[in-house]
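To start, the structure itself, in structure tokens.
Please treat every number below as a calculation from the coordinates, not as lab data. It should be emphasised that the depicted structure is a prediction, and the values quoted were computed from it without experimental measurement. Here the Cβ positions follow ideal geometry from the backbone for every residue, glycine too, while neighbour counts run over all protein chains shown.
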Protein chains: 2
Amino acid sequence: MESAIPAHLKTARSRHRRVPDDYHPPYPSFVARHKPDVTRVVMAYFGLQYRGQAPAGASSSLGDIAARFAGAHAPSHWDRAHYVDQAGFSNVVSVAYWDDVAKFDAWFAPAREAWTGDGEEGVGRYIEVLRPAVARYETLFSSPDRAEGVAVIAEGMSDEVQEHAYWGGMRDRIPLSQTDEMAPGGNPTLRRDGARLRVVAHDNLCLIRSGQDWSDTEAAERKLYLEEVEPVLREGMDFLRDDGRGIGCYANRYMRVLGADGVPTEKSYGQSWWRSLAALERWAESHPTHVRIFGAAMKYLSTLGPAAKLRLYHEVTVAAAGEQFFEYRDCHPRTGMLAAVAAT
Amino acid sequence: MESAIPAHLKTARSRHRRVPDDYHPPYPSFVARHKPDVTRVVMAYFGLQYRGQAPAGASSSLGDIAARFAGAHAPSHWDRAHYVDQAGFSNVVSVAYWDDVAKFDAWFAPAREAWTGDGEEGVGRYIEVLRPAVARYETLFSSPDRAEGVAVIAEGMSDEVQEHAYWGGMRDRIPLSQTDEMAPGGNPTLRRDGARLRVVAHDNLCLIRSGQDWSDTEAAERKLYLEEVEPVLREGMDFLRDDGRGIGCYANRYMRVLGADGVPTEKSYGQSWWRSLAALERWAESHPTHVRIFGAAMKYLSTLGPAAKLRLYHEVTVAAAGEQFFEYRDCHPRTGMLAAVAAT
């Protein structure tokens, strides 16, 4: 067993972990490990938004950015997912990950121009980018043998880690928590640049991508996941999407991952923007919608034990103000971080 | 809203609270407030143990100690409760509270001698006493207008407090948590003194008394409590009683409070001894038995809202080694802290 915080990111603590040094988690979990020379990663979400069937321009944009993801200064990994939002719009979100900011910067300018530079009737477009220092994010995986999201670009997975299976583990896995409360600073504001709307959020904005993969489950487990767990998860995701603002959740998308052929896979993830890590912690620990998710997952795991084939993972980032970029064009006002300023 | 830690017990922190300063709990709770000149309290549990009907000596002991509780240097409050333990023995436990250690010391010696000085066929007797400094315990009440346990001897109740309704609130309400992890030190050992067995536990042993009062509930709420919540609570209490050792719970009693006439009231409490506050935290937060209790309680409270007439409270102490006294005579080996040494 090892600490979720890698040796080269350990610092003299001014803040304590929530568990004693002899704490042993009741089941194993794993975290992504970068090479020590990786100091910063980039997580870039490119969204398209439209009603009904995809307009021609949307399809060509998806092809264009896929080509860019394969070209010069390309990301180390990307994936694509789909969901229908609260206003009834389809959203297709392509997420790409870099572990070299210079490479991303060289890549980004023309890609951004192609994505939000021109408008098209009936198609909203958005770009949401974080470029956190590695001390500002953490990952967690139920199995070490299938990376997802930012973990795909890491060197590999850790051994079993200590800081999980208790409330507060998420915070304790973020290296910056050794010395920083990570309190939010300020409020999101809107900046207009012609047809482009940019949101300038605030220090210590929090992003979670939390994923589920039921592709390996067989009959009985699959039925249990789809009938007992997924509906409860969906209810919580819907709450965050529709009513999250009151508890500090600016926006939530519950996405279905698409295969290379555009067909939905047996993977999903929730992606949400939060005012603070503390707000995310409070919801996860005590809100009835997440307590039900937790209860359903506990019942599931205690029924199946180590035989469970369901895979769970997440990545959580607490970004400094200068590590964020949000740009929207022709989107409805409840799209992503626009929702944070629309209601301010 | 105010801090659960009273002003005169605030110290310069070396350890942080788990919530930010602007945290607002989602519902009100209250804590007991002593006068500032109270530096220490005494919680003294006197148990009788027998099979079947109470032997004559047991009944006369109950009358004798009740008389002592009303005599010179008497406690400020006491109550009595009953349960049948895992070995099938009836246990009647009388609990008394003082806020003046000198008074307790003057009272205790003859009472102890009367309780465990002589044996009697078929009757086990035990005394479990903590005398914690006020920085070493906390209370929590769902309503401010009916004190129970140690809170009855306090001057009154606080206004709404901030440190509750999140995992870690229990720790944050204990004043010592400002500067101390409260890690357990050493292992319990047994000392024989003739027929008296004394257990010497260890630094930072933890005691919780957690109570329920459904006497004010009316038909629908009463049915909901007794049919939906109580069975789940009982299941968790049984787990701690029978299998708690593996997770750091030395002993648990799920007691029914008795009226002055010896008749069971509509109040109950769980009383358990823990290796550490951390072990109690881990069980409460993540063990399936308590997650189910929490889920049942959440569902109950969200169904009833502020109309709920059920009253809940607890008191939690983390006692220094020198603040403890455990003595057993003619008890079976799974009685109270005897269970901690029997299995060592």
Discussion item. Cross-link candidates for residue B:10: which lysines have Cα within less than 30 Å, leaving aside residues fewer than 8 places away along the same chain?
Written reply: B:35, B:103
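What longest region of chain A stays clear of GluC sites (Glu not before Pro) that DSSP places outside H, G, I, E and B and that have at most 12 other Cβ atoms within 10 Å?
That gives A:219-344 as the longest site-free run.
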Discussion item. I need the P(r) histogram for the range A:179-308: all alpha carbon pairs, bin width 5 Å from 0 out to the longest distance, whole percents.
Written reply: 2, 9, 16, 19, 16, 14, 11, 7, 4, 2, 1, 0
Item to complete: Go through the range B:147-152 residue by residue and turn each phi into a ³J(HN,Hα) via Karplus (6.51, -1.76, 1.60, θ = phi - 60°); whole Hz please, and just put x for glycine and proline.
Response: 6, 9, x, 4, 5, 5
Fill in: Over the range A:42-130, relative contact order from alpha-carbon pairs under 8 Å, at least 6 apart, %
48 percent
Worksheet item: Cα centroid distance between the range B:283-342 and the range A:151-227, in Å?
Response: 34 Å
Worksheet item: If we hang a label 7 Å off Cα along the beta carbon direction at residue B:87, how far is it from the matching labels on the other copies, in nm, shortest first?
Response: 7.0
Worksheet, complete the sentence: Taking r as the C-beta separation of residue B:60 and residue B:256 and R0 as 25 Å, the FRET efficiency to the nearest 0.05 is 0.65
Response to the item:
residue B:266 and residue A:121 label points (each 7 Å along its Cα→Cβ direction) are spaced in nm at 7.0 nm
Worksheet, complete the sentence: For chain B, the longest principal axis of the Cα atoms and the Cα long axis of helix B:288-304 enclose an angle in degrees, to the nearest 10, of 60 degrees
Discussion item. Please enumerate, by chain and number, the lysines with C-alpha under 30 Å from the C-alpha of residue A:223, excluding those fewer than 8 residues away in the same chain.
Written reply: A:267, A:299, A:309, B:299
Response to the item:
With label points set 7 Å from each Cα along the Cα-to-Cβ direction at residue A:105 and residue B:73, the distance between them in nm comes to 7.7 nm
Response to the item:
Taking every residue of A:9-16, the Cβ atoms of other protein chains inside 10 Å of its Cβ average out to 1
Worksheet item: Fewest to most neighbouring Cβ within 10 Å: what's the order for A:35, A:309?
Response: A:35, A:309
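When only C-alpha pairs under 8 Å and at least 6 residues apart count, what is the relative contact order of chain A, in percent?
25 percent
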Discussion item. For chain A, what does the helix formula give at 222 nm: sum of -39500 (n - 2.57) over DSSP H segments with n ≥ 4, over the residue count, nearest 500 deg cm²/dmol?
Written reply: -7500 deg cm²/dmol
Practice prompt. Taking a label point 7 Å out from Cα toward Cβ, give me the nm distances from residue A:200 to the same spot in the other copies, shortest first, one decimal.
Written response: 6.6
Practice prompt. Report, in degrees rounded to the nearest 10, the 0 to 90 angle that the Cα long axis of helix A:56-69 makes with the longest principal axis of chain A.
Written response: 50 degrees
Item to complete: Please determine, in degrees from 0 to 90 and to the nearest 10, the orientation of helix A:101-116 with respect to the longest principal axis defined by the Cα atoms of chain A, where the helix direction is its Cα long axis.
Response: 40 degrees
Worksheet entry | Distances in nm from residue A:223 to the matching label points in the other copies, shortest first (labels 7 Å along Cα to Cβ) | 3.3
Practice prompt. For a footprinting-style exposure proxy, rank A:257, A:38 by other Cβ within 10 Å, fewest first.
Written response: A:38, A:257
Item to complete: Give me D for the range A:280-344 in µm² s⁻¹, whole number, from Stokes-Einstein with Rh from the Kirkwood sum over alpha-carbon pairs, 37 °C and 0.692 mPa s.
Response: 210 µm²/s
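How long are the semi-axes of the ellipsoid equivalent to the range A:42-130, from square roots of 5 times the Cα gyration tensor eigenvalues, in whole Å, largest first?
23, 13, 11
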Worksheet item: How much FRET efficiency would the formula 1/(1 + (r/R0)^6) give for residue A:216 and residue B:192, where r is the Cβ-Cβ distance and R0 is 56 Å, rounded to 0.05?
Response: 0.45
Worksheet entry | Under-5 Å amide H pairs with residue A:331, H placed in peptide plane, nonlocal only | A:125
Worksheet, complete the sentence: Rounded to a whole number, the mean other protein chain Cβ count within 10 angstrom for residues of A:272-284 is 2
Worksheet entry | Cα pair distances in the protein assembly as shown, grouped into 10 Å bins until the bin that holds the longest one, percent each | 3, 14, 23, 22, 16, 11, 7, 3, 1, 0
Worksheet item: Simple spin-label model, 7 Å along Cα-to-Cβ: residue B:38 to residue A:309 in nm?
Response: 6.0 nm
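Can you give me the Kirkwood hydrodynamic radius for chain B, using every pair of distinct Cα atoms, in Å to one decimal?
20.6 Å
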Item to complete: May I ask you to derive the relative contact order of the range A:238-327, considering only C-alpha pairs under 8 Å and at least 6 residues apart, and to give it as an integer percent?
Response: 19 percent
Response to the item:
Expected sort for B:101, B:134 with the fewest Cβ neighbours (10 Å cutoff) up front is B:101, B:134
